[in-house]
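Only one structure is covered here, and it is reproduced in the block below.
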Amino acid sequence: MHAVEPGTTDPTRDDPALAPLLEHDARIARLGARVRILSGLAWPVEQELHFLERWRAGRVEMPAPPTAPVDHAGTIEALDAIMRKLDRGHPVGDWLYRTAWSYRVAALMLSAVGTPRFTECSTLLYGHPSTHYRSQDTTTLDSAVKMLEITDQLIDARFIPEVPYDIPAPLFAARLRERIEPFFSDDPVEVVLDPQLASKAAAGSKVIRLRADALFSALDLDQLLEHEAYIHSLTMLNGKRQPWLRCLGTGAPRTTRTQEGLATFAEIITGAMDINRLRRLALRVLRLEEALAGADFIEVFRAFLAAGQSDVESYRSTVRIFRGGDVRGRVCFTKDGAYLEGLLLVTAFIKRALHENRADTLRLLFCGRVALGDLVALSACHDSGLVAPAHYVPPWARYPERVLATLAFSTAAQSLRLDAFTLDRFSEHEEETMDEAPWAAPAPL
């Protein structure tokens, strides 16, 4: 049972149906903690060293990562029992059902590593690059292609300056600590080095892990600060601070698209995103689509190389797609498509919320690990006291009018045809203006 702190409102007094739902919420949170997705799919670091050594020596070799399905039968059975008891007619009951369902699908996915069922489950959780939603005319794949076309127009790939990755992990960790310690004033968040971490960084509520042998760039500092610390760690901490709903602090798989989209949006709205990283997000969608269509690990790796990535970056990008899958293709982990899709959805949501004068909804994005579809129901829960306000809010989100100004300008600027401009033609616009108002010209002598 939940202990009610003095001076706080007990929402169960006005809604007797909440008491059993809160018990189910606590059980789902405990069961969800058993379903560890990324750690269960990680490839050993030694695999990278072996592959790149062979590649550089001209002896390309298909990697053979360990495939270890995890038996989650007991967890699935327990989740099924809870789902049968939940009242989906109640907004909290429906939210819990969706949360339990996503943990169930993730458990099924981990038990089907290396098989087509793995990709089916992954697609349910993270989407598919070619999915057509009823409300939209384009797919994530279409958006990725468009993103690359736009960045090609903005700057020729040959002239994108190479970013130096020359900051060793211990020094980078120290700089990151200096930035986050004053912000998380009530909940210390550690920055630790992990020699076995497959990605460069990963964030939890209490720890941000950095790959111990990685080299970082100056640009990485702001990106990791906004993405990992001010979104992933922040939303998890705020969720764990919630007095009633435990699942807000667990990071259910169904929230991934929103969380990654929000974290990527944070990079863009703060200016932390650079054009190289933006292109990488789009490239991952294209490569994922190719892998789903049958391209194998080597083909996808070569495609990343051809797009300008280093062999190390190309390997790690390819691993992200094939972890848990089949290196021969078609069986893939689709999470890398969630970043761009989530970014587009979060951007549209924030635009709509601010357009409808619902800045309060923007703050609900940070109350815990949530999906966009949760926010209407959680708004009513916030009013009743069931959901507490976010304890931490990213600096950029504290002033919605600034966000709105940036979004309004970017939307208006899209009306200009960049392909019609060249540097030597800008004076033509002044000439056109003068021609249209001859009466403003000085009289001839």
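Figures for the structure shown
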{"read-out": "Failed item in (1) touching a Pro at 6+ places or on another chain (Cβ under 8 Å); (2) assigned to a loop (DSSP other than H, G, I, E, B); (3) in contact (Cβ under 8 Å) with a residue 24 or more places away in the chain, with residue 71 passing the rest", "value": "(1)"}
{"read-out": "Segment 291-321: number of residues that are open to solvent by 30 Å² or more (accessible area, probe 1.4 Å) and of a type outside the set (Asp, Glu)", "value": "10"}
{"read-out": "Selection count, segment 195-228, where residues are open to solvent by 30 Å² or more (accessible area, probe 1.4 Å), part of a strand (DSSP E or B), over 23 Å from residue 270 (Cβ atoms) and of a type in the set (D, E, K, R)", "value": "0"}
{"read-out": "Qualifying residues in segment 9-47 (those that are open to solvent by less than 50 Å² (accessible area, probe 1.4 Å) and among the charged types (D, E, K, R)) - the one modelled with the lowest pLDDT", "value": "10"}
{"read-out": "Failed condition for residue 147, given (1) open to solvent by 20 Å² or more (accessible area, probe 1.4 Å); (2) out of contact with any Gly (no Cβ under 9 Å at 6 or more places or on another chain); (3) at pLDDT 95 or above", "value": "(3)"}
{"read-out": "Answer residue from segment 105-119, given it is of a type in the set (Gly, Ala, Ser) and not in a helix (DSSP H, G or I) and is most open to solvent (accessible area, probe 1.4 Å) among those", "value": "114"}
{"read-out": "Conditions (1) part of a loop (DSSP other than H, G, I, E, B); (2) modelled with pLDDT of 95 or more; (3) touching a Pro at 6+ places or on another chain (Cβ under 9 Å); number of the one not met by residue 184", "value": "(3)"}
{"read-out": "Inter-residue pairs, beta-carbon under 6 Å, first under 15 Å from residue 368 (Cβ atoms) and in segment 391-404, second open to solvent by 30 Å² or more (accessible area, probe 1.4 Å), 6+ apart", "value": "391/241"}
{"read-out": "Unique residue being out of contact with any strand residue (DSSP E or B) (no Cβ under 6 Å at 6 or more places or on another chain), open to solvent by 70 Å² or more (accessible area, probe 1.4 Å) and within 22 Å of residue 256 (Cα to Cα) when the list is 135, 122, 102, 130", "value": "135"}
{"read-out": "Tally, over segment 262-300, of residues that are touching an Asp or Glu at 6+ places or on another chain (Cβ under 7 Å) and of a type in the set (Gly, Ala, Ser)", "value": "2"}
{"read-out": "Cβ-Cβ under 6 Å pairs, at least 6 apart or on other chains, segment 9-23 side part of a helix (DSSP H, G or I), far side among the hydroxyl-bearing types (Ser, Thr, Tyr)", "value": "11/384; 18/12; 19/12"}
{"read-out": "Residue tally, condition part of a helix (DSSP H, G or I) and modelled with pLDDT of 95 or more, over segment 347-369", "value": "0"}
{"read-out": "Selection count, segment 381-399, where residues are part of a helix (DSSP H, G or I) and over 21 Å from the mean Cα position of the chain (by Cα)", "value": "4"}
{"read-out": "Residue in segment 91-99 that is in a loop (DSSP other than H, G, I, E, B), out of contact with any Ser or Thr (no Cβ under 6 Å at 6 or more places or on another chain) and open to solvent by 50 Å² or more (accessible area, probe 1.4 Å) present", "value": "no"}
{"read-out": "Pairs, first at positive phi in segment 313-339, second aliphatic (A, V, I, L, M) and not in a helix (DSSP H, G or I), C-beta under 6 Å, six or more apart", "value": "324/113; 329/295"}
{"read-out": "Number of positions in segment 208-248 that are polar (S, T, N, Q) and without any contact (Cβ under 8 Å) to a residue 40 or more places away in the chain", "value": "0"}
{"read-out": "Output for segment 29-57, where each listed residue is of a type outside the set (A, V, I, L, M), under 16 Å from residue 322 (Cα atoms) and not in a helix (DSSP H, G or I)", "value": "43, 44"}
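The values are calculated or read from the model by the stated rules, or taken from the named source; none is laboratory data. Since we're looking at a predicted model, the values are computed, not measured. In this analysis, Cβ positions are derived from the backbone assuming ideal geometry, glycine residues included, and neighbour counts consider all displayed protein chains. For the accessible areas, the whole protein counts, side chains as well, though only heavy atoms, and no ligand, DNA or RNA atoms are used. Shrake-Rupley method; radii C 1.70, N 1.55, O 1.52, S 1.80 Å.
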